[in-house]
Structures are given as C-alpha cells and as structure tokens.
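A short worksheet on the structure shown next.
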Amino acid sequence: MNAVKEKKKKSGLDFRNFAGLMDIYEKNYFLIEQILPDLDELPNSLVSHVEGSLDLYLTVLERCKYTTTIMMTYYFPVSDDEKIADPDLTLKLYHDTGQLEALACMKTGFMPVEHSHLNKKPYVDCRWESNIFVGKWLRYSLEQGHIFSRDRLKHKSQLVDLEII
C-alpha cells in the first residue's frame with residue numbers, strides 16, 4: 001500500500017465504501033446543525049443576508065418526527081428578470097442518526113446523486129461525490145457567515161422570513 005493510501009486509511013478516510021459514506025453524512029449533519037441551530041423553531045422559508053456574500057435561501061419541504069427535508073440555494077442573476085438556483089440542494093436530515101444526505105444537487109441534473117445508465121457510476125460513487133460537494137459548500141456558507149437562527153430572525157436585517165414578505 002502506498003503512503004497516501006496508508007495515511008487515508010489511518011485517518012478514517014476509506015474512500016468509496018458504505019462506511020465512508022456514512023461518515024460523510026455525519027460530518028455534513030454537524031455542519032448543517034451549525035447553519036440551522038434552531039431548525040424546529042424557524043419558519044419554512046427564510047433568506048440569510050450577509051454583507052459581501054450572496055443571499056442564502058432555505059425552504060423546509062417536509063418536517064417529520066425523525067427527519068426534515070430542506071432545499072438550500074443561492075440565486076445567480078442570468079438577466080435582469082431571471083435568476084438561476086445553484087447549487088439548488090435538496091437535503092435530508094436524519095435527526096435520530098445525526099446524518100445529512102444530499103438527495104439532489106440541482107433539478108437539471110448537475111451532480112447526479114443516483115446511479116444512472118448515462119454516467120455509469122456505481123451508487124456509492126455518485127453519493128460520495130455529491131455529499132463531499134455538500135460538505136464543502138456548507139463549510140463555505142458558514143465561512144461567509146450564513147446562519148439561520150432565532151436570534152437572527154429577531155434581527156430582520158440579517159435573516160428574512162419569506163412568509164411575511
């Protein structure tokens with residue numbers, strides 16, 4: 001085994017297997033908890049405003065006892081009257097196991113999450129790539145200062161409840 005593979009194995013980064021994928025889900029759940037510390041107490045649609053950064057949009061699609069499904073995205077202007085959602089993430093939080101799974105990374109097919117006949121990638125590989133991307137994007141959003149919390153909702157200048165606009 002070469003030195004890089006040995007180092008990855010010792011650090012717990014055993015690539016492209018089910019156990020490694022579950023580890024990514026757990027790390028992503030930790031990140032989403034920092035962005036959404038008060039998820040149960042927030043409205044279903046919010047926008048986080050951080051000066052010098054794109055607005056981050058959150059929509060809660062479904063709230064269940066053990067899971068919550070959300071969409072998160074930035075909107076990039078394409079023209080004066082058109083915007084595109086990117087990365088347009090659909091994420092499922094598993095509260096009982098402390099995991100976050102990417103269900104979709106864009107409606108138009110960017111970064112397919114499921115195995116498809118077109119990309120010829122096995123299920124774990126597709127899930128791996130999508131969920132690694134989600135972790136990096138969540139870290140970036142945190143670095144920008146995006147947090148959806150009760151305190152920010154009270155200070156409407158940083159977090160806007162879309163239901164009352």
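Worth a mention:
- Hits in region 41-81 (condition: of a type in the set (Lys, Arg) and under 12 Å from LYS92 (Cβ atoms)): ARG63
- Within region 41-62, considering residues that are of a type in the set (D, E, K, R) and touching a residue at least 12 places away in the same chain (Cβ under 8 Å), the one farthest from LEU142 (Cα to Cα): GLU41
- Extreme residue, surrounded by the most Cβ atoms within 10 Å (Cβ to Cβ), among residues of region 32-84 that are among the small types (Gly, Ala, Ser) and either touching a strand residue (DSSP E or B) at 6+ places or on another chain (Cβ under 8 Å) or not in a loop (DSSP other than H, G, I, E, B) (or both): SER48
For every residue, the table says whether it meets (1) within 16 Å of VAL134 (Cβ to Cβ); (2) touching a Pro at 6+ places or on another chain (Cβ under 7 Å); (3) modelled with pLDDT of 95 or more.
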residue: ALA3; (1), (2), (3): no, no, no
residue: LYS8; (1), (2), (3): no, no, no
residue: SER11; (1), (2), (3): no, no, no
residue: PHE30; (1), (2), (3): yes, no, yes
residue: LEU54; (1), (2), (3): no, no, no
residue: CYS64; (1), (2), (3): no, no, yes
residue: ASP80; (1), (2), (3): no, no, no
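- Test: residue in region 69-87 that is of a type in the set (D, E, K, R) and touching a residue at least 12 places away in the same chain (Cβ under 8 Å): yes
The values are calculated or read from the model by the stated rules, or taken from the named source; none is laboratory data. Note that the structure is a prediction, hence the values are computed from the model and not measured. Every residue, glycine as well, gets a Cβ built from its backbone with ideal geometry; the counts of neighbours run over all protein chains shown.
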